[in-house]
Amino acid sequence: MEGLGISLPTLLTQVVTFVILLIILRFVAYKPIMRMLDERSRRVKESLEQAESVREQSARAEEQVKKRLEEVSREGQERIARAVKAGEEVKQKAQEDARQEAEALVNRARAEIQRERDEAIGEVRREFADLTVLAAGKVIERTLDKEKHRDLIEKVLEESSTLKKE
């Protein structure tokens with residue numbers, strides 16, 4: 001080996017030095033570097049797990065928000081439907097009240113017209129009786145008893161109206 005320029009004691013010294021250097025590096029550099037890399041790996045893994053957990057929570061929260069929005073929308077639709085129904089009921093009630101009021105008004109008007117008609121007929125009968133008594137008085141040239149003749153004329157008019165109705 002000497003021919004190659006390798007001296008055995010130097011080679012041995014270098015091998016021993018190299019092994020000692022490896023042992024020192026293992027304790028001084030390799031183990032702390034490996035611990036640091038393991039710690040970093042653990043933190044990355046924890047960060048990924050936390051990110052996954054946050055993503056799942058976000059997905060659950062989003063689902064809850066969707067459900068709540070659907071619920072609120074459904075409640076809103078129900079309230080609108082109830083309001084429309086109540087509006088229709090109020091409208092129908094108002095129409096019914098207006099119809100009843102119109103019927104009452106028509107009935108009152110008919111009753112008033114009937115009363116005025118009856119009053120007018122009575123007034124015409126009285127004036128007719130007075131005119132008849134006056135005419136008869138002029139014809140006979142004497143004054144007749146107005147009350148007796150009025151009663152007689154009323155009786156004749158009632159009989160004639162009864163005959164007309166039949």
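The values are calculated or read from the model by the stated rules, or taken from the named source; none is laboratory data. Remember, it's a predicted structure, so these values are computed and weren't measured experimentally. Cβ sites come from the backbone with ideal geometry, for glycine too, and all protein chains shown count toward neighbours.
Below are the figures for this structure:
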| read-out | value |
| --- | --- |
| ALA136 being at pLDDT below 70 and touching a helix residue (DSSP H, G or I) at 6+ places or on another chain (Cβ under 8 Å) | yes |
| Members of the stretch 139-153 found to be surrounded by fewer than 13 Cβ atoms within 10 Å (Cβ to Cβ) and either part of a loop (DSSP other than H, G, I, E, B) or modelled with pLDDT of 70 or more (or both), listed by number | GLU141, ARG142, THR143, ASP145, GLU147, LYS148, ASP151 |
| Verdict on LEU21 being at pLDDT below 90, part of a helix (DSSP H, G or I) and surrounded by 10 or more Cβ atoms within 10 Å (Cβ to Cβ) | no |
